[in-house]
Each structure stands twice: as structure tokens, then as C-alpha cells.
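Scroll down for the structure; my scribbles are underneath it.
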Amino acid sequence: MCGKGPEAASLTSLTRYTLRAAAHHDPDPASALSTLNAVLHERYTGDGNPRYCTCIFGTVEPGGEHAGAVVRLASGGHPPALVLRADGRAEFLPTLGGLLIGVVPGAPIGTAETVLAPGDTLVLYTDGLTEARIGPGRDDLYGEDALYAFATDHAPAGPREVITALTELLESFGTLRPDSSAAS
């Protein structure tokens, strides 16, 4: 979300409920994000106070007892999902073409699909993680390369282990500067 305080809370609420309604009418993730994009662009264009967000939205369809689950994700400017595979690999699931939601009408929405096998873990995160300022002077960004290395070191961890490891990672960053994007 852009901004802070009541304006960001209002945008969050509008985003959440618009996506729910859009997915009810058409569960295709790209279609739902296209609807959200149109709503935000119409609502906030020209009022001198633009509002936009990054967003990732998807569906999970069980593939049967042993077939895993099919995950379809659409993204509007959101960092790519990360998949920790049961065989120890980690991979980003890129959703190409996704622009910020609400900025331009008809923005291209990137879609990706993968199959999660038993033991695979899907990790969604905000840019606040990859843009967290680290290091002695807090001048370096954590970055996608570091996140990928972190994921590779932790694959094939399950959801609870990933949450614990990510919590410890974030705590290791210490107090974030108020102006860092990870704080917003």
C-alpha cells in the first residue's frame, strides 16, 4: 500500500473487499486483479491524492490424493512468490508483466502457475523484506539474492519452520529506520 495511517487503511479495506467480490464473479486471478486495478484507478485518479498498491492474488486447486495442488498466482507489482520444494530446491515463481495496481488503466497482469507436491511450501512476502535496510550503517538492502540464499538454506522446511526462520531473520535486522520501506 502507498501511504500510512487512515488513508492506507482505507485502501487496504477497499482492496480486500474488491478482490473478494471480483473473485466471486470470476475466480481467475488475473481477472480479479484487473477488476481491482480498474476500481482503484477510477476511484483515485484525478483527486490529487493517488492511491495504488502491489498485490498478489491466487487460487489453490487440490489435485487429488497424491497429485499435489495447482497454484495459480497473478501479480500486480508484487514480489514473486518463493517455492521451497520438498527435494531441497528453492525457486522464485515469477509473475511477469505485473505493474502496480491502480496506476494505469488496463495494466498488464502477470500470471504464473505451479504444482505444489506434498512437502512443498509456498512463501509470500512483501517488498518490506527484500528492501529492509541492513548492515552497520543500514545502507544496504537485504535483497532478493539474500532471500533466495535464505530459502535454499531452509528448503525443504514446512510452513511452521519457515515462519520461525523468517521471524528470526527479521529480528536479526534489529530496529528498522522509520524512513525505510520495510517500516511502511
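The values are calculated or read from the model by the stated rules, or taken from the named source; none is laboratory data. Source: prediction; values computed, not measured. Glycine also receives a Cβ, built like all others from the backbone with ideal geometry; neighbour counts cover every protein chain displayed. Ligands, DNA and RNA are stripped out before the accessible areas are found, and what is left, the full protein with its side chains, is counted by its heavy atoms. Shrake-Rupley method; radii C 1.70, N 1.55, O 1.52, S 1.80 Å.
Here is a list: 74, 23. Which entry is in contact (Cβ under 8 Å) with a residue 24 or more places away in the chain, over 24 Å from residue 148 (Cα atoms) and surrounded by 17 or more Cβ atoms within 10 Å (Cβ to Cβ)? Step through it out loud before you land on a result.
Values: 74 fails: over 24 Å from residue 148 (Cα atoms).
23 is the lone residue from the list that is in contact (Cβ under 8 Å) with a residue 24 or more places away in the chain, over 24 Å from residue 148 (Cα atoms) and surrounded by 17 or more Cβ atoms within 10 Å (Cβ to Cβ).
Can you find a residue in segment 108-127 that is assigned to a helix (DSSP H, G or I) and modelled with pLDDT under 95?
Taking every residue of segment 108-127 in turn, at least one turns out to be assigned to a helix (DSSP H, G or I) and modelled with pLDDT under 95.
Quick check on my filter: what residues within segment 136-158 are open to solvent by 50 Å² or more (accessible area, probe 1.4 Å), part of a helix (DSSP H, G or I) and closer than 12 Å to residue 84 by Cα?
Within segment 136-158, 148, 152, 153, 154 qualify.
Please name all residue pairs, on different chains or six or more residues apart, with Cβ atoms under 9 Å, provided the first residue is in segment 157-170 and is among the β-branched types (Val, Ile, Thr) and the second residue is open to solvent by less than 80 Å² (accessible area, probe 1.4 Å) and part of a helix (DSSP H, G or I).
162/151; 162/154
What do you reckon, is residue 40 touching a residue at least 12 places away in the same chain (Cβ under 8 Å), open to solvent by less than 30 Å² (accessible area, probe 1.4 Å), in contact with a Leu (Cβ under 6 Å, 6 or more places away or on another chain) and assigned to a helix (DSSP H, G or I)?
Working: touching a residue at least 12 places away in the same chain (Cβ under 8 Å): yes; open to solvent by less than 30 Å² (accessible area, probe 1.4 Å): yes; in contact with a Leu (Cβ under 6 Å, 6 or more places away or on another chain): no; assigned to a helix (DSSP H, G or I): yes.
In short, no.
I'm checking my understanding of the structure. Among residues of segment 77-98 that are open to solvent by 50 Å² or more (accessible area, probe 1.4 Å) and either in contact with a His (Cβ under 6 Å, 6 or more places away or on another chain) or not in a strand (DSSP E or B) (or both), which one is farthest from residue 118 (Cα to Cα)?
At the first step, the residues of segment 77-98 found to be open to solvent by 50 Å² or more (accessible area, probe 1.4 Å) are 87, 89, 91-92, 94, 96.
Pick out the ones that are also either in contact with a His (Cβ under 6 Å, 6 or more places away or on another chain) or not in a strand (DSSP E or B) (or both) and you get 87, 89, 94, 96.
Values: 87: 10, 89: 14, 94: 21, 96: 26 Å.
Applying the filter and picking the extreme gives 96.
Could you pull out the residue among 50, 6 that is in contact with a helix residue (DSSP H, G or I) (Cβ under 6 Å, 6 or more places away or on another chain) and surrounded by fewer than 21 Cβ atoms within 10 Å (Cβ to Cβ)?
50
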